[in-house]
Every structure is written in C-alpha cells, then in structure tokens.
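The values are calculated or read from the model by the stated rules, or taken from the named source; none is laboratory data. Note that this is a predicted model, so its numbers are computed, not measured. Positions of Cβ are backbone-derived with ideal geometry, glycine not excepted, and every protein chain shown enters the neighbour counts.
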Amino acid sequence: MVAPEIQTVEKDLSDSPIFPGLIRAADLDHSDFAQNSADRKSPFTLAALSGRLVELGACRPSACLSLSCSLLLEAQGNSVPAAWISVTRDTFFPPDLAANGVNLSILPVVWMPDARCAVQAADWLLRTGAFGLIVIDLYRNSRLPQSFQARLAQPARRHACAVVFLTVKPEAAPSLGSMISLYARVRRSRCKGGGFRLALQVEKDKRRAPVWEYVEYVDGSPGLC
C-alpha cells in the first residue's frame, strides 16, 4: 500500500511548477556545491550536514530560526530543494524569511499536529529522493522515540539529505537521542554596534571533534535574530 502512494508523490513533485526539471538530491553534481560551501570556511554548511540527522536546540526559538535561514539560503543558492515541517503555527514569520533572501515560492511548508505526524511527513519527503534539506520545527516537543529517528536516518543517508530538527529546551537538556549525528546549542546575544551574535556550540558531532563552535553575525528581522 505504501509504495504506490510514494510513487504518486514523486510524480506530483516532478510535475509541479515549483520545481521544474526536478532531480534527486543524491544525483546532483556536488562539486560546485561543495566549493560554494567551502567558501563559507565553516563546518556548519549544507554539504557538511548532508545525510545526517541534526538537532539545533535553544532556550529561544528565534536563534535556531536564524541559522536555519542560513541553511535555506545556501540550499536555494545551489538549486537544492528544501522543505519545512512544523508542529506549531508559531514557527516563522514568512515576511522575515523573504526579507532575508529566502524564496518562499519554492519552499514547501507542511503543518502537522504532533511530532509523530511530522516524522511521517518527513519520511514521505525523504523517500522521494528530491530534497537536500528538510527542517523539522518540533518547538517544545523535545521527545522523539528512537524508532522515529531510525525511520529517518537511513533514507537521509541514502538520498544525501540533511534533516535538521529545531527544539526549544532548557540549557542543560540532552539531544533527542543517539541517532542524532550532530547536536548543537544556539545562543544569541546583541552586539554593541547593532545586530546579533549567534554562537553555535556543538555538544555532539559523530564526524568531528566532540566540541567545536561556529559564530555567525546577523542583522536579521525581529523574528530571525
């Protein structure tokens, strides 16, 4: 029963005017993409997160939204289809994303009632092989069973897609679970000269040293800083 439905999703996406000439993310030529990512001189790039389950946690949701915006911009700049799934309507203000350069006309947004349904939606999108980035805004739903994570891990690797969970949780809270390949806390502070400093402190990274930090300065809109 599942296979015919997934095939229908593939056909619908391929025929959609949103993604003309759509191809699978795993079939893309990543040479230019990797070069563009390397220009950012940071391990926090879409190429570095490809095929992994990533969690960005913060006490305030806006800090995670800003870094997610950076990944969306990188994906769209390299013609990599991205999607956004959220369990809350209080996720992002579309004009803020547009003001920061995100093309909303090619960003599918899926609203789901809970984490279970969000994982199911992400699983369907992953199995089309069409997406290189899927952001899942869990908000304060910071409990995700290992079985749910395992359901996404294999297709994410197979189709070279970065799956990024956004969570709002206390400072000392652990990651969603052992299937998370990279877990980072995001801290926001205001700069004296204006704008904001976003510090991403990595607490778990299965591919690099256990702890590293990435800093980004933004002049974001109120909902993205």
*Return yes or no: is Leu56 part of a helix (DSSP H, G or I) and crowded, with 17+ Cβ neighbours inside 10 Å?*
no
*asked:* Scan segment 39-53 and tell me whether some residue there is in a strand (DSSP E or B), modelled with pLDDT of 80 or more and more than 20 Å from Leu200 (Cα to Cα).
replied: no
*Hey, Arg157 hits all of (1) modelled with pLDDT of 90 or more; (2) assigned to a helix (DSSP H, G or I); (3) closer than 26 Å to Tyr214 by Cβ; (4) in contact with a Leu (Cβ under 9 Å, 6 or more places away or on another chain) but one; which does it fall short on?*
(4)
*Residues in segment 64-97 that are out of contact with any Gly (no Cβ under 8 Å at 6 or more places or on another chain), part of a loop (DSSP other than H, G, I, E, B) and β-branched (Val, Ile, Thr): how many?*
3
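Filter segment 144-172 down to the residues that are among the charged types (D, E, K, R) and touching a strand residue (DSSP E or B) at 6+ places or on another chain (Cβ under 8 Å), then identify the one that is surrounded by the fewest Cβ atoms within 10 Å (Cβ to Cβ).
Of all residues in segment 144-172, those among the charged types (D, E, K, R) come to 151, 157-158, 169, 171.
Subsequent filtering for residues that are touching a strand residue (DSSP E or B) at 6+ places or on another chain (Cβ under 8 Å) retains 169, 171.
Details: Lys169: 19, Glu171: 9.
Looking at the filtered set, the residue picked out is Glu171.
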*asked:* Let me spell it out: the conditions are (1) crowded, with 20+ Cβ neighbours inside 10 Å; (2) in contact with a Lys or Arg (Cβ under 9 Å, 6 or more places away or on another chain), and Gln120 meets all of them except one. Which number is the exception?
replied: (1)
*Assuming Leu138 fulfils every condition listed in (1) within 19 Å of Asn78 (Cα to Cα); (2) crowded, with 23+ Cβ neighbours inside 10 Å apart from one, which condition is it?*
(1)
*Could you count how many residues in segment 98-121 are under 15 Å from Val163 (Cβ atoms) and part of a helix (DSSP H, G or I)?*
5
*Can you spot a residue in segment 163-174 that is under 21 Å from Asn78 (Cα atoms), aliphatic (A, V, I, L, M) and under 12 Å from the mean Cα position of the chain (by Cα)?*
yes
*asked:* Filter segment 68-99 down to the residues that are out of contact with any Asp or Glu (no Cβ under 9 Å at 6 or more places or on another chain), surrounded by fewer than 19 Cβ atoms within 10 Å (Cβ to Cβ) and more than 19 Å from Leu49 (Cβ to Cβ) and list them by number.
replied: Arg89, Asp90, Phe93, Pro94, Pro95, Ala98, Ala99
*Only residues in segment 141-167 that are touching a residue at least 12 places away in the same chain (Cβ under 8 Å) count as the first member; pair them with residues that are of a type in the set (Phe, Trp, Tyr), Cβ under 7 angstrom, at least 6 apart or cross-chain, and list the lot.*
Cys161/Phe131
